[in-house]
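The values are calculated or read from the model by the stated rules, or taken from the named source; none is laboratory data. Every value quoted in this text rests on a predicted model; they were computed, and no experiment measured them. Positions of Cβ are backbone-derived with ideal geometry, glycine not excepted, and every protein chain shown enters the neighbour counts. Surface areas here come from the heavy atoms of the whole protein model, side chains and all, with no ligands, DNA or RNA. Shrake-Rupley method; radii C 1.70, N 1.55, O 1.52, S 1.80 Å.
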Amino acid sequence: MAAPVIHPTPRPRITAFRHDLDLSTEQLHELLDLTQQVKHSRQRFASALKGRYLSLLFEKPSLRTRMTFELAVKQLGGDCVAQTGPIAEREPLKDVARNLARWTDAIVARTFAQETIDELSNWSGVPVVNALSDLYHPCQALADMFTLKEQFGRLRGLRLGYVGDGNNVAHSLLLCCARLGIHCSIATPPRYEPKRGIVERAVEFASASGAQIEITTDPARAVKCADAIYTDVWASMGQEAETEERKNVFAPYQVNEALVAQARKDTLFMHCLPAKRGQEVTDSIMESPQSVVFDQAENRLHVQKALLLMLLQ
Ligand code: CP
Ligand code: NVA
């Protein structure tokens, strides 16, 4: 008997992932569903991107993002070329973008300025993926949403308490939570809040999804009813000169035993990594049974495979 013909399910195509706003709520759900399939049927997708190539550009250091994008494209049957260092030192960015587009099918870039990602996208005409910029970390937020879904079996109505700097990771989490109906409370020191324009977009999404968005300076308030507590480094890449000043400002925002004791007993601990133990989080919280930080790291691989399929297949 002839083997049955399996028609792939049509997916809403996406053309770029410059930031979280490039995925509609429907596409976000679609991506999380596809991630589940990719994670649990690796062989089924083993040649889905055969003959397709990625350019990886990293202006900043990386372990997880770089490794998982390389593995993702290779596990899908494709390959990649990579470059570390300033992207447009020897020639204008618009020329770099058009060179890469002649050789490869998509560009994955980690940059300082968000404008670098936007300009690569404008000039290359191929899909550009934000692998972290000063403003967003959208691939991380995808992995975090998938991790929450795995842990709780649902997303709508969950409560996330983020404590620390209102940075790129906080921005992407805020936008994703707001779209997916996850209540999100963000506690930062005064002057370190997430950017107002991003909070306003999140509030718009939240009014459609039913999520509650709260920006506070009180860490205890953010964690009180949280299903998961999230933190990130106090000084992001590019802010090294502010490290000492930030250590003083952020000290009351450390995720430690005293803070976790004010949350629910079964609350999860999340961190995008790398973590600075003894600063934003204690070693014992990182190593506690509630910590899902390595699930988040593993899921970077799976969500990025799903993302590449949605961009390139
Ligand atoms: N979480 C994350 O993006 O890690 P890297 O900086 O190691 O890529
Ligand atoms: N906010 C951190 C995230 C690292 C993955 C940074 O930008 O350095």
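Within the range 42-70, the set of residues being among the hydrophobic types (A, V, I, L, M, F, W, C), more than 20 Å from ASP118 (Cα to Cα) and within 16 Å of ligand 1 (Cβ to nearest atom) comprises LEU63, MET67. Remark: ARG196 falls outside the filter, which requires a residue to be within 17 Å of LEU28 (Cα to Cα) and away from ligand 1 (no atom under 16 Å from the Cβ). Put simply, of ALA251, ALA208, ALA263 the only residue that is in contact with a strand residue (DSSP E or B) (Cβ under 8 Å, 6 or more places away or on another chain), more than 16 Å from ligand 1 (Cβ to nearest atom) and farther than 21 Å from HIS137 by Cα is ALA263. Exactly one residue out of GLN254, GLN279, GLN313 is of a type in the set (S, T, N, Q), modelled with pLDDT of 95 or more, open to solvent by 10 Å² or more (accessible area, probe 1.4 Å) and farther than 16 Å from ARG221 by Cα, and it is GLN279. If you go through the range 177-217 and keep only what is basic (Lys, Arg) and surrounded by fewer than 21 Cβ atoms within 10 Å (Cβ to Cβ), you end up with ARG191, LYS195, ARG196, ARG201.
Would you mind stating whether ILE229 is open to solvent by less than 50 Å² (accessible area, probe 1.4 Å) and either hydroxyl-bearing (Ser, Thr, Tyr) or in contact with a Cys (Cβ under 9 Å, 6 or more places away or on another chain) (or both)? No; evaluated as a whole, the condition is false for this residue. Scanning the range 157-175 for residues that are part of a loop (DSSP other than H, G, I, E, B) and over 15 Å from the mean Cα position of the chain (by Cα), we see that the one that is farthest from ligand 2 (Cβ to nearest atom) is GLY157.
Which helices (runs of 4 or more DSSP H) does the range 40-126 wholly contain that include 2 or more residues that are surrounded by 13 or more Cβ atoms within 10 Å (Cβ to Cβ) and within 22 Å of the chain's Cα centre (by Cα)? The helices (runs of 4 or more DSSP H) meeting that bar are 64-75, 114-124. Screening ASP165 with (1) charged (D, E, K, R); (2) farther than 20 Å from THR68 by Cβ; (3) surrounded by fewer than 24 Cβ atoms within 10 Å (Cβ to Cβ) gives one miss only, at (3).
Between LEU268, LEU273, the distinction of being surrounded by fewer than 20 Cβ atoms within 10 Å (Cβ to Cβ) and at pLDDT 95 or above belongs to LEU273 only. Pick from the range 117-149 the residues that are closer than 18 Å to ARG66 by Cα and of a type in the set (S, T, N, Q): which of them is nearest to ligand 1 (Cβ to nearest atom)? So the residue we want is GLN140.
Residues of the range 127-141 that are surrounded by fewer than 24 Cβ atoms within 10 Å (Cβ to Cβ) and either in a strand (DSSP E or B) or aliphatic (A, V, I, L, M) (or both): LEU135 alone. When restricted to residues that are modelled with pLDDT under 95 and under 19 Å from GLY77 (Cα atoms), the range 1-40 contains 1.
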